[in-house]
There are 2 protein chains.
Amino acid sequence: MKPRILILGGGFAGLYAARELHRRLRDRAEIELVTTENYFLFQPLLPEVAGGAIAAPHAVTPLRFLARGVKLRKALVDSVDAEAREVTVFQGVQRRPTQIRYDHLVVALGSSTDLTRTPGLAEHALTMKSLHDARRLRAHVIERLEHADITELPEVKRGALTFTVVGGGFSGIETVGEMKELIDRSLKFYPSISPGEVRVVVLEFAERILGEMDPKLASYAMKELSRRGIEVKLRTGVASATGTQIVTTDDEVIDCRTIVATIGNTPAPAIRRMPVEIAHGRVAVDRTLRASGRAEVWSLGDCALIPLKDGASDRSDFAPPTAQFAVREARHLARNIAATLDGKPLEPFSYTSKGALASLGAHRGVADVMGAKITGFPAWLLWRAYYVAFLPGVSARVKVLVNWLIDALSPRSVVQISPEDPPTARHVLYRVGDRIYETGNRADGFFTVMSGAVEITGRDPRTGEERKRILRAGDHFGERMLLGATRRVATARAAEDTKVLVMGREEFLRLAEGLPEFRTYFERYLAEQGLDLPMEGESPEAAE
Amino acid sequence: MKPRILILGGGFAGLYAARELHRRLRDRAEIELVTTENYFLFQPLLPEVAGGAIAAPHAVTPLRFLARGVKLRKALVDSVDAEAREVTVFQGVQRRPTQIRYDHLVVALGSSTDLTRTPGLAEHALTMKSLHDARRLRAHVIERLEHADITELPEVKRGALTFTVVGGGFSGIETVGEMKELIDRSLKFYPSISPGEVRVVVLEFAERILGEMDPKLASYAMKELSRRGIEVKLRTGVASATGTQIVTTDDEVIDCRTIVATIGNTPAPAIRRMPVEIAHGRVAVDRTLRASGRAEVWSLGDCALIPLKDGASDRSDFAPPTAQFAVREARHLARNIAATLDGKPLEPFSYTSKGALASLGAHRGVADVMGAKITGFPAWLLWRAYYVAFLPGVSARVKVLVNWLIDALSPRSVVQISPEDPPTARHVLYRVGDRIYETGNRADGFFTVMSGAVEITGRDPRTGEERKRILRAGDHFGERMLLGATRRVATARAAEDTKVLVMGREEFLRLAEGLPEFRTYFERYLAEQGLDLPMEGESPEAAE
């Protein structure tokens, strides 16, 4: 029987490992690739999707086009039985577990984001890791412009027109560059917004941005961003965030309704369920890319800690988590696995970066290509040429080139395709004094307090007096929707820094309908509080 | 002060009304357009988006590009005060109510879908009205191919490879044509699926498809669809549906995991809150497009009942709900409103259809242009030329043309961009005997029974015996997730035709965390049932 090589993960590392193994081994082995999505995401193009320079489908290619000859399985990895050499996955809608046998296992699960260290970031920041993230950021930015154009409240307008990017590395700088370009080119369609009202800020905790690049190039980038009106705050990080404000480590409070977090990269949590040793959070491998202690388990890419020399100890002695390295590691892995099958000796991996490129948007970039430092328009062109050549498949290249051409000649579309469905119950943070809702607002959420305190001020329906209540962890409010209320009859304000859980109206009502005990509990609560009587300003008809 | 004309609705009727009014009146009036989305959807291209021939952003154009000089407001209409001539809308995230004054109100709220008459359709069918719908259908079809390629269960494969479209009008026929083309062109990438395993069915309740077209053209379309392997069942409708089956009015049960409903068109529910008379569910207007009884309220488009002659009584005496008519109505409305402002007499509206075009996908179509009947490739070319010319804006046209060119030369992308977020609590229907989940499945949902009965079979943890329970309306199951369970330890099956409410794992746990009474209730319930003990096959670690 042919040996089976099972690869987990469909990013640069996993995809190129599959392609290289197939190229080398052809029919001599069965190769299977397990991924959560059925497409390959060309991550360097994400900022372009966020800025609207290209459409989301142009940054992805079906794995089936790129990995011919390899069996593809869209499934969720559950666990690994290293003795039996079996991986359990969940596939399809029903989440039925399926066992997949392997002779060699390649762990290429990549990286993830963990923002939980900073209060409010996980709940309120947008990330830039996936295709959804890029699409969501673009829609979010346009929604802020739409709102800023029509609001009459100055603090709402200011918050809507302030955009903060946390992190001044490649991802942060390329994202802020594209985001600013989208905003600048769209303003002419928003007559109530003047360019001076827009504020774009980058927070970088280190001494300079683009720490991985040559200092001269980073310095050029700083000047270029500044010229375009982007504020860069060095030696500054984010201390906390809510849906309407961000507080920096310098204690500056910025009214801001768009926070993009490009920090918090962490290896995929799933590696902890792999039969491997973990070192510094990543899969420990030796110089041949074999996982320590097991001859048939391998790892590469962002999730692996790959020593580039013997006696590696310093951070720079290990392979950086970049696409450039992932692709070279994949080629090396294929050679070593083929060698194993042939009983030949394995080779240690080593590679030195050939350079780096970053786009600053607006036809400017910085590039370090084999030592040569290039800035401005030539660097930007080089960046685009490099990535188009790098894109797998002719039609992917043609589509992206054509889109870039059209983008150069016509305005950026400000179509805002909203998220499909209402969000599930989620956490929201408020700073002391923030208003959660006001009398007269549309009643569209049910709230429970997770921590902190909420002050509710309204008129008692029985006496007409103004009434104040303080609610704490475990208490809830906003449940009058159960009685058909469509407008708020009280004002809710955060009395302390507070975290709440919010559930949408439709869902709350659906749950009350489906779970009689849930409904009864709230009806009783409202009756006890004297809140079940109709209140001033309320109309009995259902919204919509 | 200049007169204010407020238009509600941004489809063909509303957008063209805004453009025409601006063109005629220029600075003489203030024109404002209130819409729920900030883009104009070119609906005829939706099937192309569903089939993957073009990307979603190419079927939409920002309203700001198309309605220059018109004030645009993205907001939800709440109510109208006809005496004060004010509309109340909700805008922005906070849902703060805002009043907008008008001198003339134009109601162009369009149509909506109501599938509630057929059990299961609202819960399980996909519609083809919005951009989300088209995107979702494409992703859904590809997900079925992905699953069919890897599943080892024949009934699952059959259901995944059966696709049913309900309704044989324009929308249904164009959608089935594109959907079949997407499937046909993608099969080569799915090695475990053979073309003969795919089944595509159209259910049409009338005697023929394309009832609005000439019978000869409809007959050509029937032959063409049949040639391509699409089954058309005439005089057949849908009696009921679940997530895995559809039952026809002929009592045929079809295993099918994709149901597209193009029936159920109904005027937008919001018109009932307008200060107008309703007739046959639509806004009653006279021949000048003025709403009966009010001199300053007008209506047009799909939501209006517009008589084409005096003494109109039969259905055919009224304007059909098509884009062609909406655009002519909009021009006429602009003339009549201008006449009103100038004190000149109003004109009655009349128009005869110039023809109709329908694409059948795969380079074939049918067209009826001013009496000339055209079929096949020329009709398909004509359809494309007509719509490209009709698209507003040069760059929209260029993008669509280029995409069509690339589509002709390269494989259709089978990238499946899944929905962003997990769905909120939703209703799911099961037919008697359907399995809801099985022992060993991933535990990812909490269920409550809305109607019908569910049988749970599992092993009693205390005695080891097999135990059966029947749950009915108001009962719930699947709550063991609260104890950290990640796998099902029992099997749940529909004992009757049943409707349940399902809530996802993450959300259920989040709610239990936020609402202590919710958590306590379930903990108590599990203890009473003896279900709080660890069970065979269960692992204590959290999933992910």
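The values are calculated or read from the model by the stated rules, or taken from the named source; none is laboratory data. In this text, all values refer to a predicted model and were calculated from it rather than measured experimentally. Note: ideal-geometry Cβ built from the backbone for every residue, glycine included; neighbour counts use all protein chains shown. Remember, those area values only see protein heavy atoms, side chains included, never the ligands or the DNA or RNA. Shrake-Rupley method; radii C 1.70, N 1.55, O 1.52, S 1.80 Å.
The table below lists the values:
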read-out	value
Those residues of the stretch B:404-433 which are among the β-branched types (V, I, T) and outside any strand (DSSP E or B), in sequence order	B:I406, B:V414, B:V415, B:I417, B:T424, B:V432
Residue within the stretch B:73-90 that is surrounded by fewer than 23 Cβ atoms within 10 Å (Cβ to Cβ), in contact (Cβ under 8 Å) with a residue 40 or more places away in the chain, within 25 Å of the chain's Cα centre (by Cα) and not in a strand (DSSP E or B) present	no
Residues (at the interface with chain A (Cβ under 10 Å from one of its Cβ atoms) and closer than 19 Å to B:D444 by Cβ) located in the stretch B:487-508	B:R487, B:R488, B:V500, B:L501, B:V502, B:M503, B:G504, B:E506, B:E507, B:F508
Filtered residues of the stretch A:280-295 (kept if small (G, A, S) and either open to solvent by 20 Å² or more (accessible area, probe 1.4 Å) or outside the structural domain of A:E329 (by TED's automatic domain parsing) (or both))	A:G281, A:S292, A:G293, A:A295
Qualifying residue in the stretch B:314-324 (condition: out of contact with any Lys or Arg (no Cβ under 6 Å at 6 or more places or on another chain), crowded, with 20+ Cβ neighbours inside 10 Å and hydroxyl-bearing (S, T, Y))	no
Scan of the stretch B:122-153 for residues that are open to solvent by 20 Å² or more (accessible area, probe 1.4 Å), more than 25 Å from A:L33 (Cβ to Cβ) and assigned to a helix (DSSP H, G or I), ordered by number	B:A122, B:E123, B:H124, B:H132, B:R135, B:R136
The stretch A:184-218: number of residues that are more than 14 Å from chain B (Cβ to nearest Cβ), out of contact with any Gly (no Cβ under 9 Å at 6 or more places or on another chain) and either aliphatic (A, V, I, L, M) or in a loop (DSSP other than H, G, I, E, B) (or both)	6
Test: A:D407 is open to solvent by less than 60 Å² (accessible area, probe 1.4 Å), in contact (Cβ under 8 Å) with a residue 24 or more places away in the chain and not assigned by TED's automatic domain parsing to the domain that holds A:T520	yes
Residue among B:M450, B:M481 that is among the aliphatic types (A, V, I, L, M), within 13 Å of chain A (Cβ to nearest Cβ) and either more than 26 Å from B:P422 (Cα to Cα) or assigned to a strand (DSSP E or B) (or both)	B:M450
The listed residue being of a type in the set (G, A, S) and within 30 Å of B:A453 (Cβ to Cβ), out of B:A372, B:A396, B:A425	B:A425
B:I436 being under 30 Å from B:A527 (Cβ atoms), within 12 Å of chain A (Cβ to nearest Cβ), assigned to a strand (DSSP E or B) and not basic (K, R)	yes
Given (1) hydrophobic (A, V, I, L, M, F, W, C); (2) more than 14 Å from chain B (Cβ to nearest Cβ); (3) touching a residue at least 24 places away in the same chain (Cβ under 8 Å), number of the condition A:M274 does not satisfy	(2)
Residues being open to solvent by less than 60 Å² (accessible area, probe 1.4 Å), facing chain B (nearest Cβ under 8 Å) and either among the charged types (D, E, K, R) or part of a helix (DSSP H, G or I) (or both) - total across the stretch A:509-519	4
Among the candidates B:L21, B:L41, residue that is in contact (Cβ under 8 Å) with a residue 60 or more places away in the chain, crowded, with 24+ Cβ neighbours inside 10 Å and in contact with a strand residue (DSSP E or B) (Cβ under 8 Å, 6 or more places away or on another chain)	B:L21
Index of the failed condition, B:P267 passing every other in (1) under 30 Å from B:P154 (Cα atoms); (2) at pLDDT below 95	(1)
Residue, farthest from the other protein chains (Cβ to nearest Cβ), within the stretch B:411-433, restricted to residues that are surrounded by fewer than 16 Cβ atoms within 10 Å (Cβ to Cβ) and more than 25 Å from the chain's Cα centre (by Cα)	B:V432
Residue within the stretch A:49-57 that is at the interface with chain B (Cβ under 8 Å from one of its Cβ atoms), open to solvent by less than 20 Å² (accessible area, probe 1.4 Å), in contact (Cβ under 8 Å) with a residue 24 or more places away in the chain and out of contact with any strand residue (DSSP E or B) (no Cβ under 6 Å at 6 or more places or on another chain) present	yes
